[in-house]
């Protein structure tokens, strides 16, 4: 598919039927108007941090929507892109991207391979990013401090501030989105016993809520927080890290998903505790796990192929590897849930985004457009 502008629609042909993937638009009756989004997380919402830091992701990443690599490990847009479109905001630029980035309406601090836990002697730096959730918080704090400094300097010198900088008053009015934890769980399920993995979860959820608390101290008040998806359903885990006899009714690795569910249970409880402690805060927990599991379980009903097949790469070459050349990809990514055995296709991301924005997977059940 040729390169499309960000305002164009994407036509996806799905097993004999035609599904129109359109850009989300904000209705005129919307009760909300967020001036900006600040996003934190891993590759599920990374729009360029890993790519600009460690080398550009190769084509065919980006082939469906952007027509070229866009810093996303996907053929097109991510859930965070559809969230921005739903709120009538531009797609978020990565905070680390120095070329033509515009942060007037927010910034993206998410980085592929990022974890909630900081990378140290426990987590292998070769497999996980040093740009952990805590580092992303530090980057946000720096953006906020420097933005305020620029405005103070401009006021004292009676000059205008660059139009691509945030407005200081918008930080407290913005939406703060977080989607992180998948890589922490990957580390747990591939290096520990089930009991050891479950024992490690409280420390991880503690570090997660500490980031929320610090963002609150920085003025953040509206949060849209994704739990982690069914890691045991990723083709990478089903095909390359299977456990004999450990399969659920749809073919996912059961014990891996149980670890994810335990993480989600504890995270939700910690967020609930935090909502009781912090005044004037809106903490919306979004059950991404259930949305993704529903899609995987009912894949063929929605026009997708076998959910454990993937579009890009093969046993020898992964679609996210910079050293790989001539990476093959399927002709029609819209028929696949998985883009590269770990990350979802644009079509799957759109399916999920279209079902979470109305609040049906949220606690409290508030739609994205009314989250403010």
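Before moving on, here are some points about what is shown:
- Extreme residue, farthest from residue 267 (Cα to Cα), among residues of the range 156-171 that are assigned to a loop (DSSP other than H, G, I, E, B) and touching a strand residue (DSSP E or B) at 6+ places or on another chain (Cβ under 9 Å): 166
- Residue 190 vs. criteria assigned to a helix (DSSP H, G or I) and modelled with pLDDT under 95: yes
- Near pairs, Cβ below 6 angstrom, 6+ apart or cross-chain, from the range 289-305 (within 11 Å of residue 250 (Cα to Cα)) to any residue that is not in a loop (DSSP other than H, G, I, E, B): 296/233
This table checks each residue for (1) surrounded by fewer than 20 Cβ atoms within 10 Å (Cβ to Cβ); (2) in contact with a strand residue (DSSP E or B) (Cβ under 7 Å, 6 or more places away or on another chain); (3) free of Cβ contacts under 8 Å to residues at least 40 places away in the same chain; (4) part of a helix (DSSP H, G or I).
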position	(1), (2), (3), (4)
201	no, no, no, yes
214	yes, no, no, yes
224	no, yes, no, no
228	no, no, no, no
239	yes, no, no, yes
242	yes, yes, yes, no
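- Residue ID - nearest to residue 345 (Cα to Cα), chosen from residues in the range 93-110 that are in contact with a helix residue (DSSP H, G or I) (Cβ under 6 Å, 6 or more places away or on another chain) and in a loop (DSSP other than H, G, I, E, B): 109
- The range 125-155, residues that are assigned to a helix (DSSP H, G or I) and touching a helix residue (DSSP H, G or I) at 6+ places or on another chain (Cβ under 7 Å): 133, 134, 137, 147, 148, 151
- Of the residues making up the range 45-71, those that are surrounded by 24 or more Cβ atoms within 10 Å (Cβ to Cβ) and out of contact with any helix residue (DSSP H, G or I) (no Cβ under 8 Å at 6 or more places or on another chain) are 46, 48, 49, 50, 51, 61.
- Taking the criterion of being more than 18 Å from the chain's Cα centre (by Cα) and closer than 21 Å to residue 265 by Cα, the residues of the range 208-227 that qualify are 210, 213.
- Any hit, the range 277-286, residues being in a helix (DSSP H, G or I) and over 18 Å from the mean Cα position of the chain (by Cα): yes
- Selection within the range 89-141 - surrounded by fewer than 15 Cβ atoms within 10 Å (Cβ to Cβ), at pLDDT below 95 and either closer than 30 Å to residue 33 by Cβ or within 17 Å of the chain's Cα centre (by Cα) (or both): 98, 99, 100
- Scanning the range 318-342 for residues that are under 20 Å from residue 50 (Cβ atoms), in contact (Cβ under 8 Å) with a residue 40 or more places away in the chain and either in contact with a helix residue (DSSP H, G or I) (Cβ under 9 Å, 6 or more places away or on another chain) or surrounded by fewer than 17 Cβ atoms within 10 Å (Cβ to Cβ) (or both) returns 320, 321, 322, 324, 325, 338, 339, 340, 341, 342.
The values are calculated or read from the model by the stated rules, or taken from the named source; none is laboratory data. Predicted, not measured: the structure shown is a model, and the values here were computed from it. All Cβ positions, glycine included, derive from the backbone under ideal geometry; neighbour counts span all protein chains shown.
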